[in-house]
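J.: Structure incoming, see below.
What follows draws every value from the coordinates through simple rules; no lab data is involved. Model, not experiment: these values are computed from the prediction. With ideal geometry, Cβ positions are generated from the backbone for all residues, glycine too; neighbour counts draw on all protein chains shown.
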Amino acid sequence: MGQDPSATQRLLAIDDSSDSAELVARVAAGCGYEARAASDSRSLRAVIANYRPDMITLDLCMPGTDGIDLISILQETHFTGSLMIISGQEDWFRTAVTKLAEARGLKVVGDLQKPFDIGTLRASLTAGRCAGAGVGAHQAA
């Protein structure tokens, strides 16, 4: 059963910079998400499994891991929501990780280059929220 499109969706902002993760979470909250930030790659499996976000914003380079490892973590935790890549990596790398994520069954709804414009982030999150309406990952049993 789908979730009511007007229901609050959960967003998890993942970035090794706690300031960046918190900024994305604050902007997401302003777009109607219940939002949290995560900066420790070692605890991501538990955070994703416990919080069960509908959308994840993902930085591709974190200490001790990279985009490919992070995509694998999303698969291992059975993440079924939407994914937005927000990274300072070059276009070719973000594109390659997007293709890998999609090939592994993940729904990529956006790709932003850091540093990003707040208005562009807000528009992308709003569009992602509409695209994710009915996903209801956090309400799945």
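J.: Could you pull out the residue among Thr80, Thr65 that is surrounded by fewer than 18 Cβ atoms within 10 Å (Cβ to Cβ) and under 12 Å from the mean Cα position of the chain (by Cα)?
T.: Details: Thr65 fails: under 12 Å from the mean Cα position of the chain (by Cα).
Of the residues listed, the single one that is surrounded by fewer than 18 Cβ atoms within 10 Å (Cβ to Cβ) and under 12 Å from the mean Cα position of the chain (by Cα) is Thr80.
J.: What number of residues within segment 75-97 satisfy the criterion of being more than 16 Å from Leu11 (Cα to Cα) and either touching a Pro at 6+ places or on another chain (Cβ under 7 Å) or assigned to a loop (DSSP other than H, G, I, E, B) (or both)? Steps first, please.
T.: First, the residues of segment 75-97 that are more than 16 Å from Leu11 (Cα to Cα): 75-76, 87-97.
If we keep only those that are either touching a Pro at 6+ places or on another chain (Cβ under 7 Å) or assigned to a loop (DSSP other than H, G, I, E, B) (or both) too, we end up with 88-90.
Of the residues in segment 75-97, 3 are more than 16 Å from Leu11 (Cα to Cα) and either touching a Pro at 6+ places or on another chain (Cβ under 7 Å) or assigned to a loop (DSSP other than H, G, I, E, B) (or both).
J.: Does Ser18 count as farther than 24 Å from Cys130 by Cβ, touching a residue at least 12 places away in the same chain (Cβ under 8 Å) and polar (S, T, N, Q)? Lay out the reasoning, then the answer.
T.: Values: farther than 24 Å from Cys130 by Cβ: yes; touching a residue at least 12 places away in the same chain (Cβ under 8 Å): yes; polar (S, T, N, Q): yes.
Yes, satisfied.
J.: Between a residue in segment 57-72 that is farther than 14 Å from Leu106 by Cβ and touching a residue at least 12 places away in the same chain (Cβ under 8 Å) and any residue that is crowded, with 22+ Cβ neighbours inside 10 Å and among the charged types (D, E, K, R), which pairs come within a Cβ distance under 6 Å, given they are 6 or more apart or on different chains?
T.: So the pair list comes out as Asp59/Asp15.
J.: Being within 18 Å of Ser20 (Cα to Cα), among the polar types (S, T, N, Q) and in contact with a strand residue (DSSP E or B) (Cβ under 8 Å, 6 or more places away or on another chain) is the filter here, so list the residues in segment 40-85 that pass it.
T.: Ser41, Thr57
J.: Would you mind finding the one in Leu112, Leu125 that is in contact (Cβ under 8 Å) with a residue 60 or more places away in the chain, within 13 Å of the chain's Cα centre (by Cα) and either under 20 Å from Ala38 (Cα atoms) or outside any loop (DSSP other than H, G, I, E, B) (or both)?
T.: Working: Leu112 fails: in contact (Cβ under 8 Å) with a residue 60 or more places away in the chain.
When all the criteria are applied, what remains is Leu125.
J.: So in segment 83-109, with the set limited to residues that are among the small types (Gly, Ala, Ser) and touching a residue at least 24 places away in the same chain (Cβ under 8 Å), which one is surrounded by the fewest Cβ atoms within 10 Å (Cβ to Cβ)? Talk me through it step by step, then tell me what you get.
T.: If we filter segment 83-109 for residues that are among the small types (Gly, Ala, Ser), which is where we start, we get 87-88, 96, 101, 103, 105.
Checking the rest, the ones that are also touching a residue at least 24 places away in the same chain (Cβ under 8 Å) come to 87-88, 101, 105.
Details: Ser87: 20, Gly88: 15, Ala101: 21, Gly105: 10.
Result: Gly105.
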